[in-house]
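Asks: Starting off with a structure, shown below.
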Amino acid sequence: MHDLSAEERELAAMVRDFADSVVAPQAYEADRTKTLSMSVVAQMGELGLFGLPFDEAYGGQGGDYFALCLAIEALGRVDQSIAITLEAAVGLGAMPVYQFGSEEQKQELLPDLLSGKALAGFGLTEPEAGSDAGATRTRAVREGDEWVVSGSKQFITNSGTPITRFVTVTAVTGERDGKREISTIIVPNGTPGFTVEPPYDKVGWHASDTHPLTLDGARVPYDNLLGAEGRGYAHFLSTLAEGRIAIAALSTGAAEGCLEAATEYAKQRTVFGSSLATRQNAQFTLARMKQRVHVARLAWQHAARLRDAGRPFATEAAMAKLTASDAAMDNARDATQIFGGNGFMNEFVVARHYRDSKILEIGEGTSEVQLMLIARSLQLSERA
């Protein structure tokens with residue numbers, strides 16, 4: 001690890017130990033049964049992981065986004081489902097309230113979110129509004145002191161756990177100058193008209209809680225508006241930019257987990273009378289894997305440092321996510337090849353990483369979206 005403070009090294013070591021001793025032993029069974037362990041979530045809360053980048057006044061740890069990403073990377077080595085549970089709980093659940101909420105909303109909602117006693121989701125993606133989030137069709141109409149929200153959301157993480165408290169949804173709330181205004185509104189679980197549909201049957205991230213949502217005339221107080229009316233588009237752009245750094249950290253952890261597993265397996269595996277690790281092809285494959293981990297880590301750490309310093313970081317976040325998600329997918333493929341037939345067996349972590357890593361190239365903005373953002377920073381347009 002490069003340029004880490006003593007506190008950061010201690011945090012990374014602590015979470016790595018937790019990942020190896022608590023998370024890893026349950027990962028296969030959780031994946032097989034498609035069950036998010038609420039015991040693991042509770043222990044993460046006891047360690048203070050959900051409160052890492054938040055002010056102590058709301059029950060946080062007084063750390064920064066870099067610290068959160070260190071924890072996410074350490075968890076991603078052994079179980080991407082647990083890592084994305086933390087990432088989404090903080091970046092998509094608590095962070096919008098922390099950044100855009102009123103003081104009353106912060107005081108009411110953050111303590112339980114930051115302690116891990118409650119989870120929250122962020123309802124952005126819709127059947128026809130994924131990468132093109134501006135195509136949001138969910139609508140919220142004000143009637144007196146209430147919002148009436150109707151629409152549907154999909155792929156929403158942490159939306160249906162036993163401790164899910166609410167989902168913040170994006171919705172069209174009006175028009176200005178011929179353009180639709182999008183706002184963010186807090187919809188508590190259990191609200192009449194708000195239905196958390198059955199979970200998805202996913203390729204990977206089996207132990208991550210993910211549901212489609214239906215809102216059919218769901219009524220919530222007007223004060224459940226998060227931030228200023230019409231500022232929802234700006235809110236989720238900010239949320240996604242930060243989230244890309246965290247996904248890059250998760251991807252780096254996954255790439256490292258594949259490297260560690262493949263290296264150990266190559267040392268133990270005997271083929272044609274000698275260790276697989278002595279074969280130049282295997283050595284070169286492992287060397288490439290190590291290179292990818294190194295570059296991915298440098299990328300996300302640079303973006304996180306910029307974010308925490310209050311400097312522009314959107315382009316660096318896009319490059320970090322693109323680099324690290326490619327590293328995760330490439331390392332998963334190479335590790336599975338080194339494992340041979342065993343790499344096709346779900347009991348081995350590389351098989352789970354192979355299934356899990358594909359979504360890293362899609363969620364929080366596809367690789368194509370990252371390329372678009374990076375290209376935009378080059379100012380290639382011929383506009384006057």
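The values are calculated or read from the model by the stated rules, or taken from the named source; none is laboratory data. Values in this document were obtained by computation on a predicted structure and should not be read as measured data. Counting neighbours? That spans all protein chains shown, and the Cβs are built from the backbone with ideal geometry, glycine included.
Asks: May I ask you to say which residue of Ser131, Ser115 is among the hydroxyl-bearing types (Ser, Thr, Tyr), modelled with pLDDT of 95 or more and in contact with a helix residue (DSSP H, G or I) (Cβ under 6 Å, 6 or more places away or on another chain)? Before you say what the answer is, go through the steps one by one.
Replies: Numbers: Ser131 fails: modelled with pLDDT of 95 or more.
From the options Ser131, Ser115, the qualifying one is Ser115.
Asks: Residue check: is Ala296 farther than 24 Å from Leu4 by Cα and either modelled with pLDDT of 95 or more or under 25 Å from the mean Cα position of the chain (by Cα) (or both)?
Replies: No; evaluated as a whole, the condition is false for this residue.
Asks: Among the residues of the stretch 30-47 satisfying the criterion of being among the small types (Gly, Ala, Ser) and assigned to a helix (DSSP H, G or I), which is farthest from Tyr98 (Cα to Cα)? Spell out the reasoning first.
Replies: Here is the first cut: in the stretch 30-47, the ones among the small types (Gly, Ala, Ser) are 30, 37, 39, 42, 45.
Applying the additional criterion that residues be assigned to a helix (DSSP H, G or I) yields 30, 39, 42, 45.
Numbers: Ala30: 31, Ser39: 26, Ala42: 21, Gly45: 18 Å.
Among those residues, the one meeting the criterion is Ala30.
Asks: How many residues are more than 35 Å from the chain's Cα centre (by Cα) and of a type in the set (Lys, Arg) when one looks only at the stretch 271-293?
Replies: Count: 1.
Asks: What are the residues in the stretch 229-282 that are among the small types (Gly, Ala, Ser) and free of Cβ contacts under 8 Å to residues at least 24 places away in the same chain, if any?
Replies: First, the residues of the stretch 229-282 that are among the small types (Gly, Ala, Ser): 230, 232, 234, 238, 241, 243, 246, 248-249, 251, 253-255, 257, 261-262, 266, 273-275, 277, 282.
Answer for the stretch 229-282, where residues must be among the small types (Gly, Ala, Ser) and free of Cβ contacts under 8 Å to residues at least 24 places away in the same chain: Ala234, Gly273, Ser274, Ser275, Ala277.
Asks: Here's a follow-up. Mind counting the residues in the stretch 150-188 that are on the phi > 0 side of the Ramachandran plot, among the small types (Gly, Ala, Ser) and buried (at least 21 other Cβ atoms within 10 Å of the Cβ)? Working first, answer last.
Replies: Within the stretch 150-188, the subset on the phi > 0 side of the Ramachandran plot is 151, 155, 158, 174, 177-178.
Narrowing the set further to residues that are among the small types (Gly, Ala, Ser) leaves 151, 174, 178.
With the extra rule that they be buried (at least 21 other Cβ atoms within 10 Å of the Cβ), the set shrinks to 151.
Result for the stretch 150-188: 1.
Asks: Which of the residues spanning the stretch 306-341 are of a type in the set (S, T, N, Q) and either in contact with a Ser or Thr (Cβ under 9 Å, 6 or more places away or on another chain) or closer than 21 Å to Leu371 by Cβ (or both)? Break it down into steps so the answer makes sense when it comes.
Replies: To start, the set of residues in the stretch 306-341 that are of a type in the set (S, T, N, Q) comprises 315, 323, 325, 331, 336-337.
Within the stretch 306-341, Thr315, Thr323, Ser325, Asn331, Gln337 meet the criteria.
Asks: Could we say that Trp147 is buried (at least 22 other Cβ atoms within 10 Å of the Cβ) and in a loop (DSSP other than H, G, I, E, B) here?
Replies: Numbers: buried (at least 22 other Cβ atoms within 10 Å of the Cβ): yes; in a loop (DSSP other than H, G, I, E, B): no.
Considered against the rule, which asks whether it is buried (at least 22 other Cβ atoms within 10 Å of the Cβ) and in a loop (DSSP other than H, G, I, E, B), Trp147 comes out as no.
Asks: Taking Phe50 as the residue in question, decide whether it is surrounded by 21 or more Cβ atoms within 10 Å (Cβ to Cβ), in contact (Cβ under 8 Å) with a residue 40 or more places away in the chain, outside the structural domain of Val350 (by TED's automatic domain parsing) and not in a loop (DSSP other than H, G, I, E, B).
Replies: yes
Asks: For the list (1) over 20 Å from Asp209 (Cβ atoms); (2) free of Cβ contacts under 8 Å to residues at least 24 places away in the same chain; (3) surrounded by 14 or more Cβ atoms within 10 Å (Cβ to Cβ), I need the number of the one condition that Val15 fails.
Replies: Only one criterion is unmet by Val15, namely (2).
Asks: Can you report the number of residues in the stretch 103-125 which are closer than 17 Å to Ser183 by Cα and either basic (Lys, Arg) or touching a Ser or Thr at 6+ places or on another chain (Cβ under 6 Å) (or both)?
Replies: Total meeting the criteria: 3.
Asks: While we're on this one: Which one of His302, His294 is assigned to a helix (DSSP H, G or I) and either without any contact (Cβ under 8 Å) to a residue 12 or more places away in the chain or assigned by TED's automatic domain parsing to the domain that holds Asp31 (or both)? Explain how you work it out, then say what you get.
Replies: Working: His302 fails: either without any contact (Cβ under 8 Å) to a residue 12 or more places away in the chain or assigned by TED's automatic domain parsing to the domain that holds Asp31 (or both).
None of the others qualify; the one that does is His294.
Asks: Does any residue in the stretch 105-119 that is at positive phi come within less than 9 Å, Cβ to Cβ, of a residue that is surrounded by fewer than 23 Cβ atoms within 10 Å (Cβ to Cβ) and not in a helix (DSSP H, G or I) six or more places away or on a different chain, and which pairs are these?
Replies: Gly116/Leu47; Gly116/Gly48; Gly116/Ile163
Asks: If you don't mind, another one. So if I check each of Ala67, Ala27, which one is under 18 Å from the mean Cα position of the chain (by Cα), in a helix (DSSP H, G or I), farther than 24 Å from Lys202 by Cα and in contact (Cβ under 8 Å) with a residue 40 or more places away in the chain? Walk me through it before giving the result.
Replies: Working: Ala27 fails: farther than 24 Å from Lys202 by Cα.
The conditions single out Ala67.
The rows are residues; the columns are (1) closer than 29 Å to Gly63 by Cβ; (2) free of Cβ contacts under 8 Å to residues at least 12 places away in the same chain; (3) not basic (Lys, Arg).
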site: Arg307; (1), (2), (3): yes, no, no
site: Gly310; (1), (2), (3): yes, yes, yes
site: Phe339; (1), (2), (3): no, no, yes
site: Asp356; (1), (2), (3): yes, no, yes
site: Ile359; (1), (2), (3): yes, no, yes
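Asks: Restricting to the stretch 189-210, and then to whatever is in a loop (DSSP other than H, G, I, E, B) and among the β-branched types (Val, Ile, Thr), can you tell me which residue is surrounded by the most Cβ atoms within 10 Å (Cβ to Cβ)?
Replies: Taking the stretch 189-210 and keeping what is in a loop (DSSP other than H, G, I, E, B), we get 189-193, 197-209.
In the following step, the residues that additionally are among the β-branched types (Val, Ile, Thr) were identified as 191, 203.
Values: Thr191: 17, Val203: 11.
Taking the candidates together, the pick is Thr191.
Asks: Checking the structure you have, find out if any residue of the stretch 333-352 is under 24 Å from Glu242 (Cα atoms), assigned to a helix (DSSP H, G or I) and not assigned by TED's automatic domain parsing to the domain that holds Pro53. Working first, answer last.
Replies: Our first condition is that a residue be under 24 Å from Glu242 (Cα atoms); within the stretch 333-352, this holds for none.
Looking through the stretch 333-352, none of the residues is under 24 Å from Glu242 (Cα atoms), assigned to a helix (DSSP H, G or I) and not assigned by TED's automatic domain parsing to the domain that holds Pro53.
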